[in-house]
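> Encoded as structure tokens, here's the structure I'll be asking about.
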Amino acid sequence: MSVLPYAIAGWIFIIGVYGLATSRNLIHAVGCLAVCQSSTYVLLLSVGYRDGGTAPVFSDLKPGSRPLVDPIVQALALTDVVVGATLTALLLALVVQVDKRHGTVDPDELSELRG
């Protein structure tokens, strides 16, 4: 098993966190959160990957004859995509509402939101 997919997932996450930390726009921040979440797709798929593995359809295979990929991890990655799309849509809707109420999407200019 290679370390490369895990390193790529970590690199994508670090790029997203860096963009989030340096963001001066709420829309950019939502995009950076989406990049951070995409690193979880890579991580989940690398956990379930097997060299030479086939789809887990057992009608044509004898048990134990070939390695199979893990279908649970694939289902989790698909669920992660759906949750990520929903979260991005919700956050973008909130950014639109902030822009309507305050007239800006710059977090530094939103002084009313400070505690």
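The values are calculated or read from the model by the stated rules, or taken from the named source; none is laboratory data. Being a predicted model, the structure only gives us computed values, none of them experimental. Note that each Cβ is placed from the backbone with ideal geometry, even for glycine, and that neighbours are counted across all protein chains shown. For the accessible areas, the whole protein counts, side chains as well, though only heavy atoms, and no ligand, DNA or RNA atoms are used. Shrake-Rupley method; radii C 1.70, N 1.55, O 1.52, S 1.80 Å.
> When the helix-only estimate is applied to the chain (DSSP H runs of n ≥ 4, each -39,500 (n - 2.57), divided by the residue count), what is the mean residue ellipticity at 222 nm, nearest 500 deg cm²/dmol?
Helix-only estimate at 222 nm: -22500 deg cm²/dmol.
> Using only C-alpha atoms and all pairs of different ones, pull out the Kirkwood radius for segment 44-113 in Å with one decimal.
Result for segment 44-113, one decimal place: 15.8 Å.
> Related question: Quick check for me: using +1 on Lys/Arg Cβ and -1 on Asp/Glu Cβ, what's the dipole size of the chain about its Cα centre, in debye to the nearest 20?
220 debye
> With a probe of 1.4 Å, find how much accessible area the chain has per residue, and write the answer as a whole number in Å².
Here the per-residue accessible area is 69 Å².
> Assuming 0.36 nm per residue, please report the length gained on full extension of the stretch ASP51 to ARG24 beyond their Cα-Cα distance.
5.4 nm
> In addition: Check which residues have an amide H placed less than 5 Å from THR54's amide H, if you skip close sequence neighbours.
Excluding prolines and chain starts, which carry no amide H, the hits are LEU68, VAL69.
> Ranked from highest to lowest mean number of other Cβ atoms within 10 Å per residue, what is the order of the peptides 25-36, 93-104?
On the way: 25-36: 17.3, 93-104: 12.0.
Ranking, from highest mean packing down: 25-36, 93-104.
> Next up: Whenever you get a sec, compute what percent of the accessible area on segment 9-81 sits on carbon and sulfur atoms (1.4 Å probe).
72 percent
> Still on this structure, please answer the following. If you filter segment 1-76 for chymotrypsin sites (Phe, Trp or Tyr not before Pro), then keep DSSP loop positions with at most 13 other Cβ within 10 Å, what is left? Show your work: numbers first, answer last.
Numbers: sites: TYR6, TRP11, PHE13, TYR18, TYR41, TYR49, PHE58; in loops: TYR49, PHE58.
Taking segment 1-76 and a limit of 13 other Cβ atoms within 10 Å, the loop chymotrypsin sites (Phe, Trp or Tyr not before Pro) found are PHE58.
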